[in-house]
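Worksheet: the structure to be examined is printed underneath.
The values are calculated or read from the model by the stated rules, or taken from the named source; none is laboratory data. Remember, predicted model here, so these are calculated numbers, not experimental data. When we count neighbours, we look across all protein chains shown, and the Cβ atoms used for this are built from the backbone with ideal geometry, even at glycine. Ligands, DNA and RNA are excluded from the accessible area calculation, which covers all protein heavy atoms including side chains. Shrake-Rupley method; radii C 1.70, N 1.55, O 1.52, S 1.80 Å.
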Amino acid sequence: MAISIAVASGKGGVGKTSMSVNLGLTFAQMKKRTTLLDADFGMANAHILLGVKPDFFISDALKGTVSITQTLCAGPAGLNFVSGGSGLIDMLNLDKKTRYQTIRLFDEIADNTDILVADVPAGASDSSLAFVAAADKVLIVLVGEPTSFLDAYSLIKAANIDAGLTNFSVVVNMTQSEAQSKAHFEKFKSIALRFLDVRLDYVGHLPLSTRVRQSIVSRKPISIDAKESRENACFQKIAKNILTSPNNETGGIRFFDQQIVRNKRVS
Ligand SMILES: Nc1ncnc2c1ncn2[C@@H]1O[C@H](COP(=O)(O)OP(=O)(O)OP(=O)(O)O)[C@@H](O)[C@H]1O
Ligand SMILES: [Mg+2]
């Protein structure tokens, strides 16, 4: 059964795309049939990190000119990639119906997919929340700054109150050590749990490192090009932990909704 993971943060520039790309590649190397969705419509940039050039975008599949399978392009390690495109103004503020259609597009690949990773845009817009709410697992990327804490808190609160999500995995990025990451997590958790009835699981960290920045400049993802690095060890640990973290089971619009997938197969 295919599972979906939304990578989100609230605050921008905290490492969602770096995390999504490397986790996608890590799952692919674990022989999981993985698709990475760059859901950052309008500002899509995951293809640059991956070093691929998509011919088609989600908007093409929504228009019906191509199927979602045709939008997939092959990345390293067998990772499939689908882009939100850039500068697609009409995709920036998707209305409710289009958000639903976007999520349902992926039913077509349910049988050929083990894991869908969605790189969700910063902020708590309706589109960001729709992708978060539609995923089985939510990975919150946090950095040790008050603004990151505040924006992550706002996103979790909205996802909890508006969509009923209760389980969130947290990765702490750009720290000096694992101990520092855990300390940031504990602080964030103690603040969040004061006001929200949710479960937060620490799933790992990524150190502040020039290798991460350089991997983007050189377009050579760490999980492919620096397999022995401490950063790649972090991605492997996060990938393993997120797979065992609890799923959200809300009644709303979800990726790979099994009942809908089954009905589509019959019709
Ligand atoms: N662990 C790290 N060490 C050093 N630099 C990092 C690390 N993680 C991310 N960066 C850098 O931070 C910048 C933002 O990263 P990234 O694009 O992955 O963030 P994002 O959350 O996707 O941003 P946006 O909200 O704009 O989509 C990039 O220049 C990236 O190289
Ligand atoms: Mg990004």
Item to complete: Determine whether segment 129-141 contains at least one residue that is surrounded by 18 or more Cβ atoms within 10 Å (Cβ to Cβ), more than 14 Å from the chain's Cα centre (by Cα) and of a type in the set (A, V, I, L, M, F, W, C).
Response: no
Fill in: Residue satisfying all of: in segment 29-51; assigned to a loop (DSSP other than H, G, I, E, B) and modelled with pLDDT of 90 or more; most open to solvent (accessible area, probe 1.4 Å) among these
K31
Worksheet item: Does any residue of segment 215-236 turn out to be open to solvent by 80 Å² or more (accessible area, probe 1.4 Å), part of a helix (DSSP H, G or I) and touching a residue at least 40 places away in the same chain (Cβ under 8 Å)?
Response: yes
Discussion item. Of everything in segment 148-180, what is polar (S, T, N, Q), over 21 Å from R230 (Cα atoms) and part of a helix (DSSP H, G or I)? Give them in sequence order.
Written reply: S148, S154, N160
Discussion item. From the list L105, L139, L129, exactly one residue is aliphatic (A, V, I, L, M) and closer than 23 Å to P207 by Cα. Which is it?
Written reply: L139
Item to complete: Please name all residue pairs, on different chains or six or more residues apart, with Cβ atoms under 8 Å, provided the first residue is in segment 127-145 and is more than 22 Å from F185 (Cα to Cα) and the second residue is of a type in the set (D, E) and within 13 Å of ligand 1 (Cβ to nearest atom).
Response: none
Worksheet, complete the sentence: Counting only residues that are under 23 Å from A110 (Cβ atoms), within 16 Å of ligand 2 (Cβ to nearest atom), in contact with a Leu (Cβ under 9 Å, 6 or more places away or on another chain) and among the aliphatic types (A, V, I, L, M), segment 11-43 contains a total of 5
